[in-house]
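Heads up: the structure comes next, in structure tokens.
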Amino acid sequence: MSLTRFRCLLGLVLVFCLAMPPVAQADAPAPLGGGSALQVGAASRCTAGFAAVAGNVGYLIASAACGRPGDTVSSAGRVVGVVAAAQFPPSGAIVIRVTNTADWRLVGSIPPVDSRVTITGATEAAVGASVCRYGLTTGWRCGVILAKNQTITFPGGTLTGLTRTSVCAEPGDTGGPFVSGTQAQGVLVGGSGTCATGGTSYFLPVNRVLSAYRLSILTGA
């Protein structure tokens with residue numbers, strides 16, 4: 001083949017390649033985990049507690065205020081999964097099985113996007129230890145653990161084994177994660193007062209949920 005003809009063919013190849021439309025790139029799954037906004041239908045939003053796993057299946061732990069067994073849970077307008085179980089009274093915790101892995105990927109950091117806290121385990125902190133909570137309404141709030149094994153009666157039932165803290169909470173924070181350092185502690189189930197005037201809050205220890213459903217907390221990288 002002559003050099004002139006080779007240059008001509010090469011030019012045709014380049015023109016053909018440039019004329020082809022670019023291959024569409026699928027959007028990467030968005031991070032999902034503790035601190036994510038959750039919603040069931042038109043109900044008020046709530047805050048996801050922690051990401052957990054059982055084998056290759058991913059779950060979210062949240063407050064029972066986030067839904068009932070069989071409910072489809074969404075976040076940012078996209079389906080997350082289905083409430084798989086709610087072993088505790090209505091004011092307790094639920095477990096959401098993440099079925100939409102095309103749009104979401106579970107991460108062990110809180111909140112999933114900012115990753116301010118990377119979870120490394122679920123060792124229970126002692127009374128007097130520092131603890132912080134993340135919620136959609138009030139963001140990060142910190143205080144100390146005041147007491148354990150508390151019993152509280154809510155409109156939906158009576159919960160036992162709760163941990164009381166000096167951390168404030170407001171509507172929309174429900175279900176949010178409590179951490180001590182990088183250790184997962186529990187999910188917010190209720191409280192009194194406001195963050196403007198001060199208050200107390202109660203969380204359901206996450207290890208109770210992990211044990212009940214044979215899950216493992218998802219840790220960060």
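The values are calculated or read from the model by the stated rules, or taken from the named source; none is laboratory data. Model, not experiment: these values are computed from the prediction. Positions of Cβ are generated from backbone atoms using ideal geometry, with glycine treated the same way; all protein chains shown enter the neighbour counts. When the accessible area is computed, the model is the full protein with side chains, heavy atoms only, and any ligands, DNA or RNA have been set aside. Shrake-Rupley method; radii C 1.70, N 1.55, O 1.52, S 1.80 Å.
Every condition in (1) on the phi > 0 side of the Ramachandran plot; (2) touching a residue at least 60 places away in the same chain (Cβ under 8 Å) holds for G161 except the one numbered (2).
Does V80 satisfy being touching a residue at least 24 places away in the same chain (Cβ under 8 Å) and either in contact with a helix residue (DSSP H, G or I) (Cβ under 9 Å, 6 or more places away or on another chain) or open to solvent by 20 Å² or more (accessible area, probe 1.4 Å) (or both)? In short, no. The number of residues in the range 35-62 being in a strand (DSSP E or B) and either in contact with a helix residue (DSSP H, G or I) (Cβ under 9 Å, 6 or more places away or on another chain) or more than 25 Å from F154 (Cβ to Cβ) (or both) comes to 14.
Which of the residues spanning the range 197-213 are of a type in the set (A, V, I, L, M, F, W, C) and either farther than 19 Å from W140 by Cβ or modelled with pLDDT under 90 (or both)?
From the range 197-213, those of a type in the set (A, V, I, L, M, F, W, C) are 203-204, 206, 209-210, 212; that's our starting set.
If the condition is that a residue be of a type in the set (A, V, I, L, M, F, W, C) and either farther than 19 Å from W140 by Cβ or modelled with pLDDT under 90 (or both), then L204, V209, L210, A212 are the ones that fit.
Being within 15 Å of G175 (Cβ to Cβ) and of a type in the set (G, A, S) holds for only one residue in A102, A52, A126, and it is A52. A Cβ distance below 9 Å, combined with a sequence gap of six or more or placement on separate chains, defines the contacts here; from the range 111-134, residues that are aromatic (F, W, Y) reach residues that are assigned to a loop (DSSP other than H, G, I, E, B) in the pairs Y134/G34; Y134/G35; Y134/P111; Y134/R116; Y134/D173; Y134/G176.
Meeting the requirement of 3 or more residues that are under 20 Å from the mean Cα position of the chain (by Cα), the strands (runs of 3 or more DSSP E) wholly within the range 154-194 are 177-180, 183-194. Checked against (1) open to solvent by 20 Å² or more (accessible area, probe 1.4 Å); (2) at negative phi; (3) not β-branched (V, I, T), S115 meets all criteria but (2). Scanning the range 195-217 for residues that are crowded, with 21+ Cβ neighbours inside 10 Å and in a helix (DSSP H, G or I) yields V206, V209.
Among residues belonging to the range 63-97 that are assigned to a strand (DSSP E or B) and touching a Leu at 6+ places or on another chain (Cβ under 6 Å), point out the one that is modelled with the lowest pLDDT.
Going through the range 63-97, the residues assigned to a strand (DSSP E or B) turn out to be 63, 72-75, 78-85, 93-97.
With the extra rule that they be touching a Leu at 6+ places or on another chain (Cβ under 6 Å), the set shrinks to 73, 75, 93, 96.
Values: V73: 93, S75: 92, A93: 87, I96: 95.
The residue in question is A93.
The set of residues in the range 136-190 that are surrounded by fewer than 18 Cβ atoms within 10 Å (Cβ to Cβ), closer than 18 Å to G34 by Cα and not polar (S, T, N, Q) comprises G139, W140, C142, P171, G172, G181.
Would you mention how many residues in the range 127-153 are part of a strand (DSSP E or B) and within 23 Å of the chain's Cα centre (by Cα)?
Kept after step one, since they are part of a strand (DSSP E or B), are these residues of the range 127-153: 130-135, 139-153.
Checking which are within 23 Å of the chain's Cα centre (by Cα) leaves us with 130-135, 139-145.
Residues flagged as part of a strand (DSSP E or B) and within 23 Å of the chain's Cα centre (by Cα) within the range 127-153 amount to 13.
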